[in-house]
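Novice: I have a structure I would like to understand better, so I am pasting it below and will then ask my questions one at a time.
Here, each number is a calculation from the coordinates, and none is a lab measurement. Because the structure is a prediction, the values reported are computed rather than measured. Using ideal geometry, Cβ is built from the backbone for each residue, glycine included, and neighbour counts are taken over all protein chains shown.
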Amino acid sequence: MKLILTQQVAGLGAPGDVVEVKDGFGRNYLVPRGFALLWTRGAEKQIASIKKARSAREVATLDHAKEIVGQLKSLKIKLATQAGANGRLFGAVTTAAIADAVKRAGGPDLDKRRIEVRNPIKTIGTHEVSVRLHPEVSATIEFDVVGS
């Protein structure tokens, strides 16, 4: 099955890329979640607009990405959320909440789709996530989750 990616998919490609995947993966996962569109000649024309939007969101240069890494390392980030008496959260911390906490702490505006949470964050304490800033540069953000 030939698809056009509309979002970054780990191990597959970036928005605007044309990829060939197995039918079930495309039909049951990528297309229903909005990660990809079926490839047609008409959809091929949309690739330019998808790539243009991606370039506007992307960190432009390697030097700029390294500068952002330096900013992220110097931040003290606290994320307040509702928690129970034993330190368990009511739900999990989302990538959007992490991006918002970085912005409130005085850091750069991060795209929530670039934040990678390996294990769901469901407890109070110090946690780490990684951020893909550039194809060659990723940063680690350390933040404290506190109950409110």
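Novice: Taking the Cβ of each residue in Phe35, Phe143, Phe90 as the centre, tally the other Cβ atoms inside 10 Å and list the residues starting with the fewest. Present the calculation step by step, with values, prior to reporting the outcome.
Specialist: Details: Phe35 17, Phe143 21, Phe90 10.
Fewest-to-most ranking of Phe35, Phe143, Phe90: Phe90, Phe35, Phe143.
Novice: At 222 nm, what helix-only mean residue ellipticity would the chain give, in deg cm²/dmol to the nearest 500, using -39500 (n - 2.57) for each DSSP H run of four or more?
Specialist: Working: 4 runs with 38 residues, N = 148.
Value at 222 nm, helices only, nearest 500: -7500 deg cm²/dmol.
Novice: Take the Cβ-Cβ distance between Lys45 and Lys2 as r, set R0 to 25 Å, and report the resulting FRET efficiency rounded to the nearest 0.05.
Specialist: On the way: r = 15 Å, r/R0 = 0.60.
So the FRET efficiency works out to roughly 0.95.
Novice: For the chain, take the convex hull of the Cα atoms, compute a quarter of its surface area, and give me that in nm², please. Let's see the in-between values first.
Specialist: Details: hull surface 40.0 nm².
So the Cα hull casts an average projection of 10.0 nm².
Novice: Under a cut-off of 16 Å between alpha-carbon atoms, report the aspartates and glutamates in cross-link reach of Lys73, not counting same-chain residues fewer than 8 places apart.
Specialist: Answer for Lys73, where 16 Å is the Cα cut-off: Asp63, Asp109, Glu128, Glu142, Asp144, listed by chain and number.
Novice: Rounded to whole Å, give me the distance from the Cα center of the stretch 16-49 to that of the stretch 98-148.
Specialist: 29
Novice: Work out the length of the dipole vector of the stretch 2-57 about its Cα centre, built from +1 on the beta-carbon of each Lys and Arg and -1 on the beta-carbon of each Asp and Glu, and round it to the nearest 20 debye. Don't skip to the end; give the middle numbers.
Specialist: Values: 10 positive and 4 negative charges, 39 e Å.
It comes to approximately 180 debye.
Novice: I've got another one for you. Defining a contact as two alpha carbons under 8 Å apart and six or more residues distant in sequence, what relative contact order in percent does the stretch 2-57 show? Intermediate results must be reported in sequence, preceding the final value.
Specialist: Details: 71 pairs, mean separation 22.0, N = 56.
Answer for the stretch 2-57 is 39 percent.
Novice: Moving to a separate point now. Note down the magnitude of the dipole of the stretch 41-144 about its Cα centre, charges +1 on Lys and Arg C-beta and -1 on Asp and Glu C-beta and zero elsewhere, to the nearest 20 debye.
Specialist: Numbers: 19 positive and 12 negative charges, 79 e Å.
The dipole of the stretch 41-144 has a size of about 380 debye.
Novice: By a straight-distance test (C-alpha under 12 Å), which aspartates and glutamates pair with Lys103 as possible cross-link partners, with residues fewer than eight away in the same chain excluded?
Specialist: Partners found: Asp111.
Novice: What translational diffusion coefficient, in µm²/s and rounded to a whole number, does the Stokes-Einstein relation yield for the stretch 2-57 at 20 °C and a viscosity of 1.002 mPa s, taking the hydrodynamic radius as the Kirkwood radius over Cα pairs?
Specialist: Estimated via Stokes-Einstein, D reaches 192 µm²/s.
Novice: With labels modelled as points extended 7 Å from the Cα through the Cβ direction, what inter-label distance (nm, one decimal) is found for Asp63 paired with Thr123?
Specialist: 4.4
Novice: What net charge do the residues around Leu30 carry, taking every other residue with its C-beta under 13 Å from that of Leu30, with Lys and Arg at +1 and Asp and Glu at -1?
Specialist: Details: positive: Lys2, Lys22, Arg27, Arg33; negative: Asp17, Glu20, Asp23.
Its environment carries a net charge of +1.
Novice: Still on this structure, I have one more. Checking the table Lys66/Lys112; Lys52/Lys112; Lys22/Lys51; Lys51/Lys112; Lys2/Lys52; Lys52/Lys122 against a 27 Å threshold on Cα-Cα, which pairs fail?
Specialist: From the list (Lys66/Lys112; Lys52/Lys112; Lys22/Lys51; Lys51/Lys112; Lys2/Lys52; Lys52/Lys122), the Cα-Cα distance tops 27 Å for Lys52/Lys122.
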